[in-house]
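Comments concern the structure below.
Bear in mind these aren't lab numbers, they're just calculated from the coordinates by the rules spelled out. All of these numbers come straight from a predicted model, not from anything done at the bench. As a convention, Cβ positions derive from the backbone with ideal geometry for all residues, glycine included, and neighbour counts pool all protein chains shown.
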Amino acid sequence: MSKHKKKNVISDDPLLASEELYQRGIATVRGLIAPSSMRVSPTYIQIGETYARTLFIITYPRFLHTNWFSPIINIDFPIDVAYFIHPADSREVLKNLRKKSTQVQSEIHLEQESGKIRDPILETALNDIEDLRDRLQQGTEKYFRFGLYVTGYGESITDLDKIESEIEAILEAQLVYIKPATLRMEQGFASTLPLANDRLDHGNNLNTAPLSTTFPFTSSDLSSNNGILYGINRHNNSLILFDRFEMENANMVIFAKSGAGKSYAVKLEVLRSMMMGTRVIIIDPENEYKHVSDTVGGAFIKLSLNSKARINPFELPRVNESENPADIFRNQIAVLIGLLHIMLGAVTPEEDAVLERGIREAYAVRDITEHSTFEVIKHGDYPTMSDLHEILESMDGADSMAKRLEKYTEGIFAGFINKPTNVRIDNQLIVFNIRDLEDELRPIAMYLSLQFIWNEMRSNLHKRLIIVDEAWIMMQKEDAASFLFGIAKRCRKYYTGLTTITQDISDFMASRYGKPIVTNSSLQLLLKQSPASVDVITETFYLTDHEKFLLLESNVGEGIFFAGPKHVAIKVIASYSEDQIITSDPRQIIEIEEAKKELEANEEN
């Protein structure tokens with residue numbers, strides 16, 4: 001008697017027979033998920049109300065670049081993609097390659113004997129065969145038979161035609177050619193189901209290197225457990241969470257055209273960094289950060305000829321236990337000479353020597369030397385630019401410099417830079433605003449502010465961000481650019497990160513300090529670029545053509561975020577509350593101000 005009971009035989013037991021009949025009437029899972037109907041056509045398959053068409057790749061170019069298949073993965077159509085990788089026996093492949101090499105060499109030899117000119121196609125084929133033979137023999141490459149199938153879905157045949165033409169256009173631009181699985185649509189559809197069954201069985205021979213380029217998910221991941229949210233990874237929609245202070249330095253450069261969203265991105269970082277306890281100091285040339293400062297209760301320091309805020313460049317920082325007062329004093333003299341170069345213009349080497357002596361005498365008049373204890377000196381006890389002017393007037397060889405300096409002490413710019421310091425920066429957010437200064441004074445004010453900030457950094461160690469907006473203004477002056485580079489190089493020791501922002505990449509990189517500032521920044525944010533500047537950006541950051549076009553075609557707040565060796569395509573996003581604080585859109589700002597006035601009027605009533 002057979003050990004296996006046939007399934008169509010009903011048991012003699014009445015209870016078992018009833019159970020078997022009941023089970024036959026229950027709907028199976030396969031029956032539930034199966035379509036109501038299925039139609040197989042030579043050029044498509046209709047599954048219920050949905051149409052499907054399978055395409056397969058028939059040929060590849062000689063070279064494939066990494067991530068070439070990513071545009072198909074990210075296409076805005078419903079598709080299924082199947083990869084079938086069948087390893088080949090290297091011994092058989094080497095045997096076939098040897099035969100093929102012999103054939104090609106023979107063809108080349110015959111053409112040479114008949115007097116024909118060299119055939120580049122044959123020579124290239126021979127070089128490729130020999131190169132592949134070497135790598136297979138050395139074990140650095142393997143050989144595979146690779147099938148790549150794509151099934152697209154639509155609500156009509158017209159949709160299928162549209163999907164096919166778009167996929168074809170994307171791939172043929174990269175010299176990859178496809179064709180539909182005509183007369184084999186059922187096998188093609190079955191091959192792209194998640195069953196690991198290659199029913200279509202159409203492959204191309206590829207070795208390891210080109211096969212590795214077909215892997216579509218090559219976007220970097222910048223998510224970590226610490227730091228703040230910078231934006232969304234446009235490749236895989238993951239969060240870009242990052243702590244810049246965990247890098248080898250916390251410096252950052254931001255390049256973007258006007259209106260690309262660079263100030264928006266910076267203000268968003270400022271808000272989120274402050275929530276993590278970071279102190280922020282901003283040099284603001286265009287009044288971009290006043291609303292943020294007012295919202296969070298920051299200090300907004302307006303530097304102008306009529307402002308009450310004053311910074312005396314002769315003030316010295318406090319000396320830490322590890323620092324030598326003499327070194328601090330000499331460094332301060334060098335910083336002052338750099339500032340005076342910007343103020344006076346061209347200075348000869350002889351005048352430089354006179355200028356140094358004049359600065360030392362200005363300090364000596366106030367009984368300040370390199371051996372003084374700077375902590376006990378009050379703001380009003382330091383010399384001012386007026387003191388230096390008087391000393392230069394009495395020194396031989398300083399007449400020209402004294403006359404040029406006079407406009408800052410007694411002339412049209414008097415009061416701006418020759419008064420004792422009355423500014424304090426004990427707030428979590430400090431904004432130095434220089435919008436109302438004349439263009440000639442802006443580089444001086446930026447240098448002066450940075451000098452003041454630098455002294456504060458050295459005196460009080462805190463986790464800080466220093467943000468220099470429109471940094472190209474400083475890069476136009478050699479001494480200012482040098483000072484900015486000095487801060488970028490040394491601020492890591494004081495737990496500080498420097499952010500330089502510019503929309504004029506050409507002016508920034510024209511300075512000999514432009515490239516060093518970029519290379520001394522572990523983070524770079526590139527937003528939308530203009531066609532005039534994108535080539536400079538491409539050359540500076542070694543961008544691919546794809547990344548170059550991405551910057552040209554990006555929307556506001558989109559670009560590329562570099563963090564050390566990794567970089568990702570980023571989209572900066574903010575919550576509604578954050579957007580109300582950081583927006584730079586004039587229309588939105590007017591609406592916010594009107595809403596405030598209306599609210600205040602209602603409260604008064």
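Couple of notes before you dig in:
- Packing-based ranking, highest mean first, of 504-510, 493-499 given that Cβ atoms within 10 Å are counted: 493-499, 504-510
- In order along the stretch 326-335, the Karplus-derived 3J(HN,Hα) couplings, from 6.51 cos²θ - 1.76 cosθ + 1.60 at θ = phi - 60°, round to 5, 5, 4, 5, 5, 5, 5, 5, 4, 5 Hz, and Gly and Pro are given as x.
- Shape summary: the stretch 378-484 maps onto an equivalent ellipsoid whose semi-axes, from the alpha-carbon gyration tensor, are 27, 18, 13 Å in decreasing order.
- Centre separation in Å (Cα based) which lies between the stretch 469-538 and the stretch 293-349: 20 Å
- Length gained when the stretch R62-K493 is fully extended (0.36 nm per residue, less Cα-Cα span): 150.1 nm
- The HN-Hα couplings worked out from phi for the stretch 61-76 by the Karplus form 6.51 cos²θ - 1.76 cosθ + 1.60 (θ = phi - 60°) are x, 5, 10, 10, 8, 4, 6, 5, 8, 4, x, 6, 4, 8, 5, 8 Hz, whole numbers, x standing for Gly and Pro.
- Value of Rg to Rh for the stretch 158-205 (Rh from inverse mean 1/r over Cα pairs, i.e. Kirkwood): 1.01
- Burial order of peptide ranges 72-81, 390-399 (average beta-carbon count within 10 Å, highest first): 390-399, 72-81
- Built amide H within the under 5 Å cut-off of Y143, gap 5+: A88
- Within the chain, the proportion of C-alpha pairs whose separation exceeds 45 Å stands at 45%.
- Principal axes of the stretch 412-564: Cα extent on each, largest first, Å: 54, 37, 28
- 28 Å tail of the calculated P(r), the stretch 221-366, as % of Cα pairs: 47 percent
- Given K528/K566; K267/K566; K257/K493, the pairs whose alpha carbons are separated by over 25 Å: K257/K493
- Distance histogram in 5 Å bins (all Cα pairs of the stretch 111-163, percent per bin): 4, 14, 11, 10, 10, 8, 8, 11, 11, 8, 4, 2, 0
- Here the label points at D13 and S70, each 7 Å from Cα along the C-beta direction, are separated by 6.3 nm in the simple model.
- Sorted largest first, extent of the stretch 310-422 alpha carbons per principal axis (Å): 40, 30, 22
- Residues S224 and D352, FRET efficiency given R0 of 41 Å [Cβ-Cβ distance, rounded to 0.05]: 0.25
- In this label model, E246 and E20 are separated by 6.5 nm, measuring between points 7 Å along each Cα→Cβ vector.
- Counted over the chain, the DSSP beta bridges are approximately 65% antiparallel.
- Here's how it looks for H235: its modeled amide H is under 5 Å from those of A569, which are all 5 or more places away or on a different chain.
- With a Förster radius of 45 Å applied to the C-beta separation of E539 and N236, the computed FRET efficiency comes to 0.95.
- Across the stretch 476-491, rounded Karplus estimates of 3J(HN,Hα) from the backbone phi angles (6.51 cos²θ - 1.76 cosθ + 1.60, θ = phi - 60°) give 6, 10, 4, 5, 5, 5, 4, 5, 4, 5, x, 5, 4, 7, 10, 5 Hz, Gly and Pro being marked x.
- Two-site FRET efficiency, N287 against D381, from Cβ-Cβ distance with R₀ of 35 Å, rounded to 0.05: 0.55
- Nearby aspartates and glutamates by direct alpha-carbon distance to K463 (threshold 16 angstrom, same-chain neighbours under 8 apart not counted): D243, E246, E248, E269, D426
- Label-to-label distance, K95 versus M38, with points set 7 angstrom from Cα along the beta-carbon direction: 4.0 nm.
- Gain on full stretching of the segment that runs from Q112 to R424 - 0.36 nm per residue minus C-alpha separation: 103.8 nm
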